[in-house]
1. Given Cβ point charges of +1 (Lys, Arg) and -1 (Asp, Glu) and nothing else, what value in debye, to the nearest 20, does the dipole of segment 50-154 about its Cα centre take?
2. Using Cβ counts within 10 Å as a stand-in for footprinting exposure, how do SER188, SER239 rank, fewest first?
3. Placing unit charges on C-beta atoms (Lys and Arg positive, Asp and Glu negative, everything else neutral), compute the dipole magnitude of segment 235-324 about its Cα centre in debye, rounded to 20.
4. Among 69-79, 137-147, how do they line up from the highest to the lowest mean number of other beta-carbon atoms within 10 Å?
5. Tell me what the chain gives for mean residue ellipticity at 222 nm when only DSSP H runs of n ≥ 4 count, each as -39,500 (n - 2.57), the sum divided by the residue total, rounded to 500 deg cm²/dmol.
6. Out of GLN113, VAL190, ALA253, whose Cα points farthest toward the positive end of the dipole of the chain (charges: +1 Lys, Arg; -1 Asp, Glu; placed on Cβ)?
7. Determine one quarter of the surface area of the Cα convex hull of segment 120-310, which equals its mean projected area, and express it in nm² to one decimal.
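Each reported figure results from applying straightforward, stated rules to the coordinates on display, with no laboratory input. Model, not experiment: these values are computed from the prediction. Heads up, the Cβs are rebuilt from the backbone with ideal geometry, glycines too, and the neighbour counts pull from every protein chain shown.
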Amino acid sequence: MFGFRKKDSPAAETPERAGLFQRLRKGLAKTGKVLTTDIRELLRRRIDDELFEELEERLLLADVGVDATRRIMDQITRAVKRGELDDAEALMQALEGAMTEILEPVERPLRIQPGSGRPFSILVVGINGAGKTTTIGKLAHHLRAENYTVLLAAGDTFRAAAVEQLQTWGERNAVPVIAQGSGADSASVVFDALQAAQSRRIDVMIADTAGRLHTQHNLMDEIRKVKRVMGRLDPEAPSEVLLVIDGGTGQNAINQVRQFHEALGVTGLVVTKLDGTAKGGVLFALAEQMGIPVRFIGVGEKAEDLQPFEARAFVRALLNRDDD
């Protein structure tokens, strides 16, 4: 179900998928409340400018962003003018379709492709508190469930608790963790880990890094060094630069993604803590402005709450509609 190797094809509802969808809907409840509180009553009203203004306001309150909101409203307005929306359900379907259309281009699952003697290497980056270390632990859990061998690199050497936290995840998932003392050179730790992964023929190496604000240029230089050092062992490393974003940061996430991408060439996003915010609509703004693949979303504390991003399921959960 986690779908690292290939994207799941549409299939009949299974208890496993139903459970995942319910987790998703529960996790998005705060954002969904902004969007769907009285929205069905709103859409049952006469279609006029006042209705559109209220719907637009709800999208903006959920942090969908100005550009994405305008695109959604323009699409619905055109459908109304064509006479295609004559009842509340048709209007809800149009809203769902317009929102899904924005997200589908960034629905690209992470594909693990380890080569012969060449680990698939993932460099995990982001600001302090975004949930990098926890995301790594959950990702390791799911990879092990998919029968991949995994090795972790404790590259966040500035926060002692980060090393301990990663080692705890390593013990829990029965995967080795390469670590050095507090304050050690992060690039050295990641270099050693990648070298160990190569010699042990590990499938996936995941490197943690110290949290840094996207505006701290000296610290961004350090993480560029980590990336360069990985390239000395493997010209194709890292295979993935995974940026972890706290969903509660709202529109500030756009600036984070833009500056990390300029510095490192981000190849995938993980948007975490969506269960604790009403700003989950930021995924639409990220998709519209940045277009970087959203690999996973986090909607809770359990390992199962880190889910591969599926655009249609995300929108239907957000709008409190059934997963059909």
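1. 1120
2. Least crowded to most crowded, the residues run SER188, SER239.
3. 260
4. 137-147, 69-79
5. -15500 deg cm²/dmol
6. VAL190
7. 9.8
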